[in-house]
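The values are calculated or read from the model by the stated rules, or taken from the named source; none is laboratory data. The structure displayed is predicted, hence computed values, not measured ones. Note: ideal-geometry Cβ built from the backbone for every residue, glycine included; neighbour counts use all protein chains shown. What goes into the accessible areas is simple: the full protein's heavy atoms, side chains included, and nothing from ligands, DNA or RNA. Shrake-Rupley method; radii C 1.70, N 1.55, O 1.52, S 1.80 Å.
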Amino acid sequence: MSEPERGHRATSLVVAILACAALVVTLRACGDDDPTPTSSGGAVAVDLHRLRASTTDTAFKAAPLDPHPDRPTSGLVVHPRRMTAVHDAPAGTPFAKVGPRQFGDTWLPVIAERRGWVRVLLPSRPNGSTGWLARAGLQRAHSRFQISVHLGSRTLTLSEDGVATQTWSVAVGAGATPTPTGRTFLLGQLVDQQQSFSPLILPLGAHSPTLDTYGGGAGTVAIHGWTDPSVFGRAVSHGCIRVPDDALSALSRVPVGSPVLIDDA
């Protein structure tokens, strides 16, 4: 990626998990709201105080769903420099806001562009939620990486510049608690050296389709390590993707905002 800040590693972390290591995160979006109504793209004044932040804890019925959840993205990602309104269409109705920091800096993958606007994937429920951001005030970058998770073969592939570089056998969600399919993105990195099952957790912008919460927090799906290698190649988790140590090491170098495609292949 053309240098989005990599300062997304947290030095401390409070995460509640189930025994299956499904991730629980209560996310607080940071960044100041403008004290007065603001203009979004010069089109419509928006009172940000009236909008809820799009985070892994929130859900928006008004969010338009991803029209092409099986397609890779172009790799374009954007970072809101300040709290920014999220619209249901270019210059449309605002239904949420997104801030500059969630798990470290917020980077969102772009799935479409219109004059002065970009459509991005959001970390909120339902899975596949999208929204339009005014291009003004956004920092742009490009990720060379894509993570592909194949639930049928229970494998994860890391690609760079469109070329698959490494593939690993992984554990995915069990039948009653499946890993959700579709395109999502790497939302952040959480580091906790005291965590026994995985010192590094990579939360995604996706959620369990069957469990509303894990331990009282949001049912955020994540990629993380696992201490027992016998689980790899099996469908045994509560929706998270368990990977070997060398996979976790390689994935730790993938920038936040990079696309993650999950399919049934």
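Just one of the numbered conditions (1) in contact with a strand residue (DSSP E or B) (Cβ under 7 Å, 6 or more places away or on another chain); (2) surrounded by fewer than 19 Cβ atoms within 10 Å (Cβ to Cβ); (3) modelled with pLDDT of 80 or more; (4) not small (G, A, S) is not true of D47; which one?
(1)
What single numbered condition from (1) within 14 Å of the chain's Cα centre (by Cα); (2) at pLDDT 95 or above; (3) of a type outside the set (D, E) fails to hold for A85?
(1)
Looking at the structure I just gave you, is V149 farther than 30 Å from R50 by Cβ, open to solvent by less than 10 Å² (accessible area, probe 1.4 Å) and either in contact with a strand residue (DSSP E or B) (Cβ under 8 Å, 6 or more places away or on another chain) or modelled with pLDDT under 95 (or both)? Show your work before the answer.
Values: farther than 30 Å from R50 by Cβ: yes; open to solvent by less than 10 Å² (accessible area, probe 1.4 Å): yes; either in contact with a strand residue (DSSP E or B) (Cβ under 8 Å, 6 or more places away or on another chain) or modelled with pLDDT under 95 (or both): yes.
Against the criterion (farther than 30 Å from R50 by Cβ, open to solvent by less than 10 Å² (accessible area, probe 1.4 Å) and either in contact with a strand residue (DSSP E or B) (Cβ under 8 Å, 6 or more places away or on another chain) or modelled with pLDDT under 95 (or both)), V149 qualifies.
Considering the stretch 212-239 alone, what residues qualify as being farther than 30 Å from V78 by Cβ, part of a strand (DSSP E or B) and open to solvent by 10 Å² or more (accessible area, probe 1.4 Å)?
Within the stretch 212-239, A235, V236 qualify.
Checking L190 against (1) open to solvent by 50 Å² or more (accessible area, probe 1.4 Å); (2) under 23 Å from T58 (Cβ atoms); (3) not small (G, A, S), only one condition comes out false. Which one?
Failing condition for L190: (1).
Would it be correct to say that D161 is touching a residue at least 12 places away in the same chain (Cβ under 8 Å) and acidic (D, E)?
The answer is yes for D161.
If R242 satisfies all but one of (1) open to solvent by 20 Å² or more (accessible area, probe 1.4 Å); (2) of a type in the set (K, R); (3) part of a strand (DSSP E or B), what's the number of the condition it fails?
For R242, the failing item is (1).
Yes or no: G75 closer than 24 Å to H142 by Cβ, modelled with pLDDT under 95 and surrounded by 14 or more Cβ atoms within 10 Å (Cβ to Cβ)?
No.
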